[in-house]
Ligand code: FES
Ligand SMILES: [Zn+2]
């Protein structure tokens, strides 16, 4: 079997509305993951491209967050409306979408200016 070309991890973590870090799928709708799954099917990108539900990717303040591996691309503020161009331009075309890319200065930086409270995700 050939290796996967892209594994798209979609954070579907939920937290209470009081949590200052927010969360990527607070209402638990799963609609972002559903949009990816539908988009993959439409483009017949399976089985080499997969869209997987993920827990917290530790980029909560920049969410809703997705990670694309093995390319190591992290996108933030992703909505279902962004899914077609992520699939067409990034997955198929290999292009990074600068407006969605989480800044290098933010990624895994505990001192990122956007972090609302320093705690590990739960
Ligand atoms: S809740 Fe989605 S990255 Fe933390
Ligand atoms: Zn940041």
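The values are calculated or read from the model by the stated rules, or taken from the named source; none is laboratory data. Here the structure is a predicted model, which is why all the values come from computation and not from measurement. Because the Cβ atoms are built from the backbone with ideal geometry, glycine has one as well, and the counts that use them run over all protein chains shown.
Return the residues of the range 46-67 that are in contact with a helix residue (DSSP H, G or I) (Cβ under 9 Å, 6 or more places away or on another chain) and surrounded by 19 or more Cβ atoms within 10 Å (Cβ to Cβ); say none if nothing qualifies. Across the range 46-67, the qualifying residues are 49, 51, 64, 66. In the range 95-107, the residues that are without any contact (Cβ under 8 Å) to a residue 12 or more places away in the chain reach residues that are surrounded by 12 or more Cβ atoms within 10 Å (Cβ to Cβ) with C-beta atoms within less than 6 angstrom, at least six apart or across chains, in these pairs: 95/89. Just one of the numbered conditions (1) in contact with a strand residue (DSSP E or B) (Cβ under 9 Å, 6 or more places away or on another chain); (2) away from ligand 2 (no atom under 16 Å from the Cβ) is not true of residue 18: (1).
Each row is one residue, and each column tells you yes or no for (1) at pLDDT below 95; (2) more than 15 Å from residue 10 (Cα to Cα); (3) part of a loop (DSSP other than H, G, I, E, B).
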| residue | (1), (2), (3) |
| --- | --- |
| 41 | no, yes, no |
| 46 | yes, yes, yes |
| 52 | no, no, no |
| 58 | yes, no, yes |
| 81 | no, no, no |
| 85 | no, yes, no |
| 118 | yes, yes, yes |
| 122 | yes, yes, yes |
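Would you confirm, using the coordinates I've provided, whether residue 100 is modelled with pLDDT of 95 or more and either in contact with a helix residue (DSSP H, G or I) (Cβ under 6 Å, 6 or more places away or on another chain) or under 18 Å from residue 10 (Cα atoms) (or both)? Spelling it out, residue 100 is indeed modelled with pLDDT of 95 or more and either in contact with a helix residue (DSSP H, G or I) (Cβ under 6 Å, 6 or more places away or on another chain) or under 18 Å from residue 10 (Cα atoms) (or both). Checking 48, 40, 87 one by one, the residue that is over 13 Å from the mean Cα position of the chain (by Cα), within 20 Å of residue 25 (Cβ to Cβ) and away from ligand 2 (no atom under 15 Å from the Cβ) is 40 and no other.
Taking the criterion of being closer than 16 Å to residue 24 by Cβ and in contact with a helix residue (DSSP H, G or I) (Cβ under 8 Å, 6 or more places away or on another chain), the residues of the range 75-84 that qualify are 75, 76, 77, 78, 79, 80, 83.
Yes or no, residue by residue, for (1) in contact with a strand residue (DSSP E or B) (Cβ under 7 Å, 6 or more places away or on another chain); (2) within 14 Å of ligand 1 (Cβ to nearest atom):
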{"residue": "44", "(1), (2)": "no, no"}
{"residue": "47", "(1), (2)": "no, no"}
{"residue": "54", "(1), (2)": "yes, yes"}
{"residue": "64", "(1), (2)": "yes, yes"}
{"residue": "75", "(1), (2)": "yes, yes"}
{"residue": "78", "(1), (2)": "yes, yes"}
{"residue": "85", "(1), (2)": "no, no"}
{"residue": "96", "(1), (2)": "yes, no"}
{"residue": "107", "(1), (2)": "yes, yes"}
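For the range 24-38, a residue qualifies if it is in contact with a strand residue (DSSP E or B) (Cβ under 8 Å, 6 or more places away or on another chain) and either within 16 Å of residue 76 (Cβ to Cβ) or outside any loop (DSSP other than H, G, I, E, B) (or both), and the qualifying residues are 24, 25, 32, 33, 36, 37.
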